[in-house]
Amino acid sequence: MYLCRMEILKSQRLNNLRYDIRGPVYEKSLELESQGYKIINLNIGNPAPFGFDAPDEIVHDIILNIRNAQGYADSRGLFAARKAVMHYTQTLGLPGITINDIFIGNGVSELILLSMQALINEGDEVLVPAPDYPLWTTSVALCGGKPVHYICDEAADWNPDLADMEAKITSRTRAIVVINPNNPTGAVYDKSVIEGIARLAERRGLIVFSDEIYDKILYDGAKHHPMARFVHDTLCISMGGLSKNYRAAGFRGGWLVMSGARAKAKSYIEGLTLMASLRISANVPTQYAIQTALGGYQSINDLVMPSGRLYKQLMLAYDRLTAIPGISCVRPKGSMYVFPKIDLEQFNFVDDNEFVYDLLSEQKVLVVAGQGFNYPHPDHFRVVCLPTVDELSLAMDRIEAFLESRRK
């Protein structure tokens, strides 16, 4: 009797998918750490390891209600959590949102995947920004769809190119994804652009998915315009959560809000409800913190003002990087990242992947290549601005020294 020794293969849907934020270069950093090297990690937007604690009242509410959180919740979420999100939408000027228009999820990441699973048939297309947060591209492809990337224009402060977006709509297009404020660029989109996307989606009968996880992380008076204010004649799905504004990424608390022409999307909403039911419920302990988070003191405002820690760190990275000849960057208006452009020829790099790998190997600084965000030009990289001013200064010293050593 012979044993079968055939290799067990992964799904073919995974063959062309990537998540470089935790990809091969990240694995290389773990290898270096195992050898005793200290890595300056500028790759993941995870606030807690850098001393950004969740507000005490959020932690207290979870602790006080932990015994009440032992059982499953409604598959859409706890009533109190959804009601808090509903009240929050009212403060944003979004009338008509009801409890049943809201789903609670294990972070926005889960809600992205659920919303794509409920929508996509094999070969359907979804417009996704380039650069994007790569989970959107991956989720579309994982569900059998085709992510089609529209360009965000660096010369226009990284606002979406509406003409490029419209040119890429086909008979298979089902939806448009908007990430505002944007990861990785730090852009906060102009009101006219948001209105333009809304009118385009309505005209072509497309769902708008608006990822607004950074909606409170704004700098220098930048104003965030919620997409749901402008979408009326098609379905709009907006997403937010606790991970960034409230520095509680590990609690995995997110929400999805349906607005606009919900009557036109009854079948899709039925599908989304089914997908939510299949995962039984979102984690319950965190849901007890949502009301406190949204209704309590918004400490993020202290961090993003000019005297705030997050503002100081972001501007330090921006100023230091743009002072290096051969590096340019659009000044971020939101989020917690900078997305510089590197003159590859001046520093003799083949592409941004080579730059990122060599920077890690030689200087023990970990950043993410722009190609990891599905940007078509291989000459950008993303820097996370969560470390302290002292640690960021050290990282900038190393990046500067590394680039000077590679300058032609």
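The values are calculated or read from the model by the stated rules, or taken from the named source; none is laboratory data. Every value quoted in this text rests on a predicted model; they were computed, and no experiment measured them. Because the Cβ atoms are built from the backbone with ideal geometry, glycine has one as well, and the counts that use them run over all protein chains shown. Please note that ligands, DNA and RNA were not included when accessible areas were found on the heavy atoms of the full protein model with its side chains. Shrake-Rupley method; radii C 1.70, N 1.55, O 1.52, S 1.80 Å.
For region 87-109, state whether one or more residues are within 30 Å of Val383 (Cβ to Cβ), β-branched (Val, Ile, Thr), out of contact with any His (no Cβ under 7 Å at 6 or more places or on another chain) and modelled with pLDDT of 95 or more. So far as region 87-109 goes, yes, one or more of its residues are within 30 Å of Val383 (Cβ to Cβ), β-branched (Val, Ile, Thr), out of contact with any His (no Cβ under 7 Å at 6 or more places or on another chain) and modelled with pLDDT of 95 or more. When the criteria are applied in full, His224 fails the requirement of being open to solvent by 40 Å² or more (accessible area, probe 1.4 Å), assigned to a loop (DSSP other than H, G, I, E, B), modelled with pLDDT of 95 or more and in contact with a strand residue (DSSP E or B) (Cβ under 7 Å, 6 or more places away or on another chain). Among the numbered conditions (1) at pLDDT 95 or above; (2) surrounded by 14 or more Cβ atoms within 10 Å (Cβ to Cβ), the only one that Asp319 does not meet is (2).
Counting the residues of region 282-314 that are part of a loop (DSSP other than H, G, I, E, B), open to solvent by less than 20 Å² (accessible area, probe 1.4 Å) and not hydrophobic (A, V, I, L, M, F, W, C) gives 1.
Here Arg174, Arg199 are screened, and the one residue that is of a type outside the set (Val, Ile, Thr), modelled with pLDDT of 95 or more, part of a helix (DSSP H, G or I) and open to solvent by 20 Å² or more (accessible area, probe 1.4 Å) is Arg199. Checking the structure you have, find out if any residue of region 247-255 is small (Gly, Ala, Ser), assigned to a strand (DSSP E or B) and either touching a Leu at 6+ places or on another chain (Cβ under 7 Å) or open to solvent by 20 Å² or more (accessible area, probe 1.4 Å) (or both). Within region 247-255, one or more residues are small (Gly, Ala, Ser), assigned to a strand (DSSP E or B) and either touching a Leu at 6+ places or on another chain (Cβ under 7 Å) or open to solvent by 20 Å² or more (accessible area, probe 1.4 Å) (or both).
Residues in region 379-405 that are open to solvent by 50 Å² or more (accessible area, probe 1.4 Å) and either basic (Lys, Arg) or not in a helix (DSSP H, G or I) (or both): Thr388, Arg398. Somewhere in region 203-218, is a residue more than 18 Å from the chain's Cα centre (by Cα) and among the acidic types (Asp, Glu)? Within region 203-218 (the criterion being more than 18 Å from the chain's Cα centre (by Cα) and among the acidic types (Asp, Glu)), the answer is no, since none of the residues qualifies. Would region 264-278 turn up any residue that is among the hydroxyl-bearing types (Ser, Thr, Tyr), part of a helix (DSSP H, G or I) and free of Cβ contacts under 8 Å to residues at least 60 places away in the same chain? Yes, region 264-278 contains a residue that is among the hydroxyl-bearing types (Ser, Thr, Tyr), part of a helix (DSSP H, G or I) and free of Cβ contacts under 8 Å to residues at least 60 places away in the same chain.
A single entry from Gly253, Gly308 fulfils the requirement of being without any contact (Cβ under 8 Å) to a residue 40 or more places away in the chain and not hydroxyl-bearing (Ser, Thr, Tyr): Gly308. Annotation: of all residues in region 25-55 being within 23 Å of Phe373 (Cβ to Cβ) and hydroxyl-bearing (Ser, Thr, Tyr), the one that is least open to solvent (accessible area, probe 1.4 Å) is Ser29. Applying a threshold of 8 Å to beta carbon distances and a minimum spacing of six or more residues, or different chains, the list of pairs starting in region 191-202 at a residue that is under 16 Å from Ile179 (Cβ atoms) and among the small types (Gly, Ala, Ser) and ending at one that is open to solvent by less than 20 Å² (accessible area, probe 1.4 Å) and assigned to a helix (DSSP H, G or I) reads Ala198/Met227. Checking the structure you have, find out if any residue of region 367-378 is within 24 Å of the chain's Cα centre (by Cα), more than 18 Å from Tyr318 (Cα to Cα) and polar (S, T, N, Q). Looking for residues that are within 24 Å of the chain's Cα centre (by Cα), more than 18 Å from Tyr318 (Cα to Cα) and polar (S, T, N, Q), one finds at least one in region 367-378, hence yes.
Regarding region 341-363, can at least one residue be identified that is part of a loop (DSSP other than H, G, I, E, B), under 29 Å from Tyr246 (Cα atoms) and either open to solvent by 10 Å² or more (accessible area, probe 1.4 Å) or in contact (Cβ under 8 Å) with a residue 60 or more places away in the chain (or both)? No, there is no match, as no residue in region 341-363 is part of a loop (DSSP other than H, G, I, E, B), under 29 Å from Tyr246 (Cα atoms) and either open to solvent by 10 Å² or more (accessible area, probe 1.4 Å) or in contact (Cβ under 8 Å) with a residue 60 or more places away in the chain (or both).
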